[in-house]
1. In the chain, how many lysine pairs have Cα atoms under 17 Å apart, counting only pairs 8 or more places apart or on different chains?
2. Can you list the residues, at least 5 places off or on another chain, whose amide H is less than 5 Å from the amide H of residue 8, using H built in the peptide plane?
3. How much of the accessible area of the range 47-104, probe 1.4 Å, is carbon plus sulfur, in whole percent?
4. What's log10 of I(q)/I(0) for the range 164-205 at q = 0.17, 0.19, 0.33 Å⁻¹, Debye sum over Cα points only, no solvent?
5. Please work out the Cα convex hull volume for the range 62-154 and give it in Å³ per residue.
6. Can you compute the radius of gyration and Dmax for the chain, using only the Cα atoms, both in Å?
7. How many percent of the alpha carbon pairs in the range 125-198 exceed a separation of 16 Å?
8. Run through the range 127-180 and list the trypsin sites (Lys or Arg not before Pro) located in a DSSP loop whose Cβ has at most 10 other Cβ atoms within 10 Å.
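The values are calculated or read from the model by the stated rules, or taken from the named source; none is laboratory data. Nothing here was measured: the structure is a model prediction, and the numbers come from that model. Cβ placement follows ideal geometry from the backbone for every residue including glycine, while neighbour counts extend to all protein chains displayed. Remember, those area values only see protein heavy atoms, side chains included, never the ligands or the DNA or RNA. Shrake-Rupley method; radii C 1.70, N 1.55, O 1.52, S 1.80 Å.
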Amino acid sequence: MTDWVLGTDTSHWDGAINFNTMYNAGVRFWITKATDANRTTGYQFEDTRFDEYMRAAKDTRLLKGCYHWLQASVDPVVAADFYLERYNRYEMDFPPVLDFEEPSVRNTGRFSDYAWRAQEWVRHCEAKTGRKPIIYTARWFTSYFKDAQISWMGNYPLWVADYTWYANNVKKAPYYMPKPWSDWRMWQYSDKGDGTTYGVESASV
(Lines give C-alpha, C1' and ligand atoms only; values in the text may rest on other atoms or scores of the structure.)
Protein backbone atom coordinates (compact mmCIF):
# COMPACT_ATOMS: atom_id res chain seq x y z
CA MET A 1 0.00 0.00 0.00
CA THR A 2 1.80 3.09 -1.24
CA ASP A 3 0.05 5.51 1.13
CA TRP A 4 1.62 3.86 4.19
CA VAL A 5 4.77 5.08 5.92
CA LEU A 6 7.02 2.55 7.64
CA GLY A 7 8.53 3.32 11.03
CA THR A 8 10.56 1.62 13.75
CA ASP A 9 10.45 1.60 17.54
CA THR A 10 13.70 1.04 19.46
CA SER A 11 15.33 1.04 22.87
CA HIS A 12 18.74 0.03 24.23
CA TRP A 13 17.72 -3.62 23.76
CA ASP A 14 18.22 -3.17 20.02
CA GLY A 15 21.96 -2.59 20.37
CA ALA A 16 23.88 -0.62 17.77
CA ILE A 17 21.85 0.98 14.96
CA ASN A 18 22.92 1.86 11.42
CA PHE A 19 20.41 4.56 10.52
CA ASN A 20 21.43 4.69 6.86
CA THR A 21 20.59 0.99 6.54
CA MET A 22 17.29 1.65 8.27
CA TYR A 23 16.39 4.46 5.89
CA ASN A 24 17.47 2.51 2.82
CA ALA A 25 15.15 -0.32 3.93
CA GLY A 26 12.20 2.04 3.52
CA VAL A 27 11.86 3.34 7.06
CA ARG A 28 10.84 6.99 7.22
CA PHE A 29 10.22 7.57 10.91
CA TRP A 30 11.84 6.32 14.09
CA ILE A 31 10.76 6.58 17.73
CA THR A 32 13.03 5.49 20.57
CA LYS A 33 12.75 5.12 24.31
CA ALA A 34 13.92 8.13 26.30
CA THR A 35 12.94 7.65 29.94
CA ASP A 36 11.58 5.22 32.52
CA ALA A 37 11.67 4.68 36.29
CA ASN A 38 12.11 1.82 38.69
CA ARG A 39 8.61 0.49 39.37
CA THR A 40 9.34 0.11 43.10
CA THR A 41 11.69 2.90 44.12
CA GLY A 42 10.65 5.51 41.58
CA TYR A 43 14.29 6.11 40.62
CA GLN A 44 14.14 7.73 37.18
CA PHE A 45 16.58 6.90 34.43
CA GLU A 46 17.35 7.69 30.84
CA ASP A 47 17.55 4.85 28.34
CA THR A 48 21.24 3.98 28.17
CA ARG A 49 21.43 4.45 24.40
CA PHE A 50 19.16 7.49 24.06
CA ASP A 51 21.86 10.11 23.53
CA GLU A 52 23.94 7.78 21.37
CA TYR A 53 20.97 7.03 19.12
CA MET A 54 19.84 10.65 18.85
CA ARG A 55 23.31 11.87 17.93
CA ALA A 56 23.72 9.12 15.33
CA ALA A 57 20.30 9.82 13.80
CA LYS A 58 20.65 13.60 13.84
CA ASP A 59 21.81 14.07 10.26
CA THR A 60 19.61 11.37 8.71
CA ARG A 61 16.35 11.99 6.85
CA LEU A 62 14.35 9.97 9.36
CA LEU A 63 11.56 11.74 11.23
CA LYS A 64 12.39 11.40 14.92
CA GLY A 65 10.59 11.01 18.22
CA CYS A 66 10.98 9.54 21.71
CA TYR A 67 8.74 8.04 24.37
CA HIS A 68 8.38 7.70 28.12
CA TRP A 69 7.38 4.47 29.86
CA LEU A 70 4.87 5.45 32.54
CA GLN A 71 5.40 4.06 36.03
CA ALA A 72 3.09 4.42 39.03
CA SER A 73 6.03 5.03 41.38
CA VAL A 74 6.77 8.63 40.29
CA ASP A 75 4.84 11.87 40.52
CA PRO A 76 3.58 12.29 36.93
CA VAL A 77 4.62 15.94 36.64
CA VAL A 78 8.11 15.11 37.90
CA ALA A 79 8.26 12.24 35.39
CA ALA A 80 7.08 14.51 32.60
CA ASP A 81 9.74 17.12 33.36
CA PHE A 82 12.42 14.42 33.46
CA TYR A 83 11.27 13.24 30.03
CA LEU A 84 11.00 16.77 28.60
CA GLU A 85 14.58 17.49 29.60
CA ARG A 86 15.60 14.75 27.14
CA TYR A 87 12.92 15.57 24.57
CA ASN A 88 14.10 19.18 24.37
CA ARG A 89 17.75 18.26 23.85
CA TYR A 90 17.05 17.41 20.23
CA GLU A 91 14.79 18.53 17.42
CA MET A 92 11.83 16.15 17.56
CA ASP A 93 9.47 15.76 14.62
CA PHE A 94 6.91 13.96 16.77
CA PRO A 95 5.11 15.33 19.82
CA PRO A 96 5.77 13.71 23.20
CA VAL A 97 4.83 10.02 23.37
CA LEU A 98 3.54 8.18 26.45
CA ASP A 99 3.85 4.39 26.72
CA PHE A 100 0.78 3.30 28.72
CA GLU A 101 1.26 -0.40 29.41
CA GLU A 102 2.97 -1.10 32.75
CA PRO A 103 2.03 -4.75 33.55
CA SER A 104 2.65 -4.46 37.30
CA VAL A 105 -0.46 -2.29 37.60
CA ARG A 106 -2.49 -5.46 37.15
CA ASN A 107 -0.95 -6.84 40.35
CA THR A 108 -1.67 -3.74 42.43
CA GLY A 109 -5.14 -3.11 40.98
CA ARG A 110 -4.47 0.64 41.09
CA PHE A 111 -5.98 1.30 37.69
CA SER A 112 -7.62 4.60 38.59
CA ASP A 113 -4.33 5.90 39.97
CA TYR A 114 -2.36 4.82 36.91
CA ALA A 115 -4.89 6.42 34.55
CA TRP A 116 -4.72 9.64 36.57
CA ARG A 117 -0.93 9.66 36.30
CA ALA A 118 -1.18 9.28 32.53
CA GLN A 119 -3.64 12.15 32.32
CA GLU A 120 -1.43 14.44 34.37
CA TRP A 121 1.64 13.47 32.31
CA VAL A 122 0.06 14.29 28.96
CA ARG A 123 -1.51 17.48 30.26
CA HIS A 124 1.83 18.72 31.54
CA CYS A 125 3.70 17.81 28.35
CA GLU A 126 1.06 19.46 26.19
CA ALA A 127 1.18 22.62 28.30
CA LYS A 128 4.97 22.76 28.13
CA THR A 129 5.39 21.95 24.42
CA GLY A 130 2.14 23.12 22.83
CA ARG A 131 1.93 19.71 21.15
CA LYS A 132 -0.73 17.09 21.87
CA PRO A 133 1.03 13.92 23.04
CA ILE A 134 0.55 10.52 21.42
CA ILE A 135 -0.48 7.60 23.64
CA TYR A 136 0.90 4.14 22.92
CA THR A 137 -1.13 1.25 24.27
CA ALA A 138 -3.04 -1.93 23.41
CA ARG A 139 -6.43 -3.47 24.05
CA TRP A 140 -4.97 -6.18 26.28
CA PHE A 141 -4.01 -3.40 28.72
CA THR A 142 -6.85 -0.86 28.48
CA SER A 143 -9.39 -3.66 28.96
CA TYR A 144 -8.46 -3.68 32.66
CA PHE A 145 -9.70 -0.11 33.09
CA LYS A 146 -13.20 1.20 33.62
CA ASP A 147 -14.48 3.41 30.82
CA ALA A 148 -14.69 6.43 33.12
CA GLN A 149 -11.02 6.09 34.05
CA ILE A 150 -9.69 6.39 30.51
CA SER A 151 -12.45 8.08 28.47
CA TRP A 152 -10.31 11.24 28.29
CA MET A 153 -7.68 9.36 26.25
CA GLY A 154 -9.89 9.55 23.18
CA ASN A 155 -8.83 13.20 22.87
CA TYR A 156 -5.27 12.11 22.15
CA PRO A 157 -3.87 10.38 19.04
CA LEU A 158 -3.39 6.64 19.40
CA TRP A 159 -0.34 4.54 18.60
CA VAL A 160 -1.86 1.07 18.82
CA ALA A 161 0.08 -2.13 19.50
CA ASP A 162 -1.68 -5.04 17.84
CA TYR A 163 0.54 -7.90 16.71
CA THR A 164 -1.90 -9.43 14.27
CA TRP A 165 -0.37 -11.12 11.29
CA TYR A 166 0.05 -8.14 8.95
CA ALA A 167 0.74 -10.23 5.83
CA ASN A 168 -2.59 -12.02 6.20
CA ASN A 169 -4.61 -8.98 7.23
CA VAL A 170 -6.74 -8.08 4.21
CA LYS A 171 -7.83 -4.70 5.54
CA LYS A 172 -4.33 -3.85 6.75
CA ALA A 173 -5.72 -2.46 10.01
CA PRO A 174 -5.63 -3.46 13.69
CA TYR A 175 -8.08 -6.18 14.70
CA TYR A 176 -8.10 -5.21 18.36
CA MET A 177 -8.64 -1.51 19.01
CA PRO A 178 -8.23 -0.39 22.62
CA LYS A 179 -10.99 1.60 24.27
CA PRO A 180 -11.83 4.46 24.12
CA TRP A 181 -10.50 5.03 20.59
CA SER A 182 -12.33 4.41 17.34
CA ASP A 183 -9.38 5.37 15.13
CA TRP A 184 -5.61 5.22 15.24
CA ARG A 185 -2.66 7.31 14.05
CA MET A 186 0.09 4.68 14.12
CA TRP A 187 -0.09 0.90 14.20
CA GLN A 188 2.69 -1.26 15.59
CA TYR A 189 1.75 -4.45 13.78
CA SER A 190 4.82 -6.52 14.66
CA ASP A 191 7.92 -6.70 16.82
CA LYS A 192 9.56 -9.24 14.50
CA GLY A 193 11.08 -7.03 11.81
CA ASP A 194 14.42 -8.50 10.70
CA GLY A 195 17.17 -6.72 12.58
CA THR A 196 19.73 -7.03 9.80
CA THR A 197 17.35 -5.60 7.21
CA TYR A 198 16.59 -2.57 9.35
CA GLY A 199 20.11 -1.91 10.56
CA VAL A 200 19.79 -2.93 14.20
CA GLU A 201 22.09 -5.25 16.11
CA SER A 202 19.30 -7.29 17.68
CA ALA A 203 17.65 -10.12 15.76
CA SER A 204 14.33 -8.31 15.50
CA VAL A 205 12.91 -4.81 15.78
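1. So the count of such lysine pairs works out to 5.
2. Residues meeting the amide H criterion: 29, 30, 31.
3. 47 percent
4. So the normalised log intensities work out to -0.59, -0.69, -1.11.
5. Output value, Cα hull per residue: 97 Å³.
6. In order Rg, Dmax, the Cα atoms of the chain give 16.6, 46 Å.
7. The share of Cα pairs beyond 16 Å in the range 125-198 comes to 56 percent.
8. Numbers: sites: 128, 131, 139, 146, 171, 172; in loops: 131, 146, 171, 172.
Qualifying residues, ordered by number: 171.
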